[in-house]
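Structure, as structure tokens:
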Amino acid sequence: KGIPLMNNEGLQISRIKDIQEEKNSVDQSIEGKEVAISLPGVNFERQLKEIEYLYSDMSQGQFKKFKENKDLLTHTELQTLQKIAEIKKFS
């Protein structure tokens, strides 16, 4: 919760207000789980219908911390981190 999301062009979409799994509020989710997220100010039909993925809009400092601990990340998480680096032009 509270994490800003961006599209694949780096445009910030919204911050996650709430995450629900089976109608129960949760603080986080893991890969493969189906959850509903609340994004204030976002209309799905107008803004998200054509978007396949949303990414965490992290700072360069946050990115570096993930990169320093890459041995703790799964292959999919590393691929996502690489995609975020490409979008944000981090090295």
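The values are calculated or read from the model by the stated rules, or taken from the named source; none is laboratory data. In this text the structure is predicted, and so the values were computed from the model without any measurement. No Cβ is skipped: glycine too gets one built from the backbone with ideal geometry, and neighbour counts run over all protein chains shown. Ligands, DNA and RNA are excluded from the accessible area calculation, which covers all protein heavy atoms including side chains. Shrake-Rupley method; radii C 1.70, N 1.55, O 1.52, S 1.80 Å.
Taking the stated definitions as given, is Ile13 outside any loop (DSSP other than H, G, I, E, B), of a type in the set (A, V, I, L, M) and modelled with pLDDT under 95? The answer is yes for Ile13.
Restricting attention to the stretch 2-20 and to residues that are open to solvent by 50 Å² or more (accessible area, probe 1.4 Å) and closer than 26 Å to His75 by Cβ, the residue that is nearest to the chain's Cα centre (by Cα) turns out to be Ile3. Scanning the stretch 52-91 for residues that are more than 21 Å from Gln28 (Cβ to Cβ) and β-branched (Val, Ile, Thr) yields one hit, Ile87. Among residues of the stretch 63-91 that are more than 16 Å from Met6 (Cα to Cα) and touching a residue at least 12 places away in the same chain (Cβ under 8 Å), those with a Cβ under 9 angstrom from a residue that is of a type in the set (Asp, Glu) and open to solvent by less than 100 Å² (accessible area, probe 1.4 Å), sequence gap 6+ or separate chain, pair up as Phe66/Glu77. Can you find, within the stretch 41-57, the residue that is least open to solvent (accessible area, probe 1.4 Å) among those that are within 16 Å of Pro4 (Cα to Cα) and among the aromatic types (Phe, Trp, Tyr)? Out of the qualifying residues, it is Tyr55. Within the stretch 26-40, the set of residues being touching a Ser or Thr at 6+ places or on another chain (Cβ under 8 Å), modelled with pLDDT of 90 or more and either open to solvent by 60 Å² or more (accessible area, probe 1.4 Å) or under 17 Å from Glu77 (Cα atoms) (or both) comprises Pro40 only.
Hey, among the residues in the stretch 58-76 that are hydrophobic (A, V, I, L, M, F, W, C) and outside any loop (DSSP other than H, G, I, E, B), which one's most open to solvent (accessible area, probe 1.4 Å)? Restricting to residues being hydrophobic (A, V, I, L, M, F, W, C) and outside any loop (DSSP other than H, G, I, E, B), the top hit is Leu72.
Out of curiosity, is Thr80 over 12 Å from the mean Cα position of the chain (by Cα), part of a helix (DSSP H, G or I) and surrounded by 10 or more Cβ atoms within 10 Å (Cβ to Cβ)? Against the criterion (over 12 Å from the mean Cα position of the chain (by Cα), part of a helix (DSSP H, G or I) and surrounded by 10 or more Cβ atoms within 10 Å (Cβ to Cβ)), Thr80 does not qualify.
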